[in-house]
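Written out below as structure tokens is the structure these notes cover.
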Amino acid sequence: MAVPDLSATPLQDLYSLTGRVAVVTGAGRGVGAGCARRLAEAGASVAVCDIDPTTIETTVKEIESEGGRALGVVMDVSDAAAIQQGVERILAELGQIDILVNNAGIFPPCPFLDENDEHWGRVLGVNLDGVMRCSQSVARHLVARGAPGVIVNISSIEGEKPGTAGAGAYVTSKASVTGLTKALAIELGPLGIRVLAVAPTLVNTPGVQELMPMMEAAGIGNLIEALRVKVPLGRAAVPDDVARAVTFAASDMSMLMTGSTLYVDAGAMTV
Ligand SMILES: NC(=O)c1ccc[n+]([C@@H]2O[C@H](COP(=O)([O-])OP(=O)(O)OC[C@H]3O[C@@H](n4cnc5c(N)ncnc54)[C@H](O)[C@@H]3O)[C@@H](O)[C@H]2O)c1
């Protein structure tokens with residue numbers, strides 16, 4: 001079944017997510033919180049999913065204070081049973097799911113000569129297995145409901161253009177997410193589900209700030225500052241730079257797009 005031709009649809013309707021339900025993983029802070037807020041601003045009811053109940057509460061309150069609708073859900077994307085329970089709760093409370101943003105991700109560095117099963121499994125378990133499981137769960141719901149939907153995967157330019165040492169597991173996870181995005185686009189497109197990836201450059205988030213002392217101690221320096229002179233657009237990303245691209249990808253504005261990666265990179269992939 002072909003996707004509709006929206007040439008006659010007004011722009012504001014193409015951007016509107018009113019009546020849709022979006023699930024954002026890792027939405028307690030950083031990129032995920034930014035995505036949840038913009039999707040809610042566009043009209044979606046948003047399930048704010050994270051492992052951290054405190055930050056979930058913060059994001060939910062922000063969305064509500066901005067006039068949006070949000071449901072906080074504690075959900076560990078590395079745990080298959082937790083995903084199933086989380087999705088069941090979202091369906092019970094919000095009625096449906098139309099949009100999934102696979103954002104939850106971790107990036108603990110580890111030199112390759114010290115790499116081990118625990119670290120490797122933990123990074124891949126969240127960044128890759130989590131994307132696979134959440135996507136499968138939401139896709140099954142969409143197909144059973146006979147509804148169209150969109151899955152947006154937050155990958156990284158690191159998956160295609162690694163820039164720092166000690167990121168083997170992370171780079172592998174993000175490169176795999178790009179591959180999975182294409183594979184799912186082929187398989188789910190005929191079922192009415194579009195699958196896109198958004199790949200940011202370095203984003204100034206709490207997760208990155210937590211890594212700063214380690215990077216400075218390792219002599220890597222301040223990567224956020226370094227980007228000012230390195231990239232054509234002169235700065236690192238902030239969460240909202242990514243959130244706007246995600247909102248575009250999740251909306252009908254991108255109706256004929258699937259399988260591709262949208263770079264939010266300040267030009268980093270070009271230089
Ligand atoms: N910050 C960057 O420079 C950057 C660049 C490119 C891509 N990304 C990607 O963006 C995404 C978000 O990164 P961020 O910088 O906002 O990170 P962050 O650490 O600031 O926030 C990540 C959130 O995910 C949650 N989370 C962690 N493990 C989880 C799990 N198992 N289940 C559910 N939630 C979990 C955390 O509690 C936290 O709220 C990640 O996928 C990351 O790889 C980040």
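The values are calculated or read from the model by the stated rules, or taken from the named source; none is laboratory data. Since we're looking at a predicted model, the values are computed, not measured. Cβ placement follows ideal geometry from the backbone for every residue including glycine, while neighbour counts extend to all protein chains displayed. Remember, those area values only see protein heavy atoms, side chains included, never the ligands or the DNA or RNA. Shrake-Rupley method; radii C 1.70, N 1.55, O 1.52, S 1.80 Å.
Inclusion of Glu64 among residues that are closer than 30 Å to Thr201 by Cα, touching a strand residue (DSSP E or B) at 6+ places or on another chain (Cβ under 9 Å) and surrounded by fewer than 16 Cβ atoms within 10 Å (Cβ to Cβ) is warranted. The single residue among Arg29, Arg38, Arg89 that is basic (Lys, Arg), within 17 Å of the chain's Cα centre (by Cα), over 28 Å from Leu256 (Cα atoms) and at pLDDT 95 or above turns out to be Arg29. Looking at the stretch 157-196, which of the residues that are among the charged types (D, E, K, R) and not in a loop (DSSP other than H, G, I, E, B) is farthest from the ligand (Cβ to nearest atom)? So, considering only residues that are among the charged types (D, E, K, R) and not in a loop (DSSP other than H, G, I, E, B), the one farthest from the ligand (Cβ to nearest atom) is Glu187.
Checking the structure you have, find out if any residue of the stretch 44-52 is surrounded by 24 or more Cβ atoms within 10 Å (Cβ to Cβ), away from the ligand (no atom under 16 Å from the Cβ) and in a helix (DSSP H, G or I). No, the conditions are met nowhere in the stretch 44-52.
Take the stretch 110-166 and flag every residue that is within 23 Å of Val264 (Cα to Cα) and either among the acidic types (Asp, Glu) or open to solvent by 40 Å² or more (accessible area, probe 1.4 Å) (or both). Once the filter is applied, which keeps residues that are within 23 Å of Val264 (Cα to Cα) and either among the acidic types (Asp, Glu) or open to solvent by 40 Å² or more (accessible area, probe 1.4 Å) (or both), the stretch 110-166 yields Met132, Glu158, Glu160, Lys161, Pro162, Gly163, Thr164, Ala165.
Do we have any residue at all in the stretch 197-206 that's away from the ligand (no atom under 11 Å from the Cβ) and surrounded by fewer than 16 Cβ atoms within 10 Å (Cβ to Cβ)? Within the stretch 197-206, none of the residues are away from the ligand (no atom under 11 Å from the Cβ) and surrounded by fewer than 16 Cβ atoms within 10 Å (Cβ to Cβ).
With respect to being open to solvent by 20 Å² or more (accessible area, probe 1.4 Å) and out of contact with any Pro (no Cβ under 8 Å at 6 or more places or on another chain), Leu211 falls outside the description. Here the stretch 229-271 is the region considered, the condition is being β-branched (Val, Ile, Thr) and part of a loop (DSSP other than H, G, I, E, B), and the residue that is most open to solvent (accessible area, probe 1.4 Å) is Thr270.
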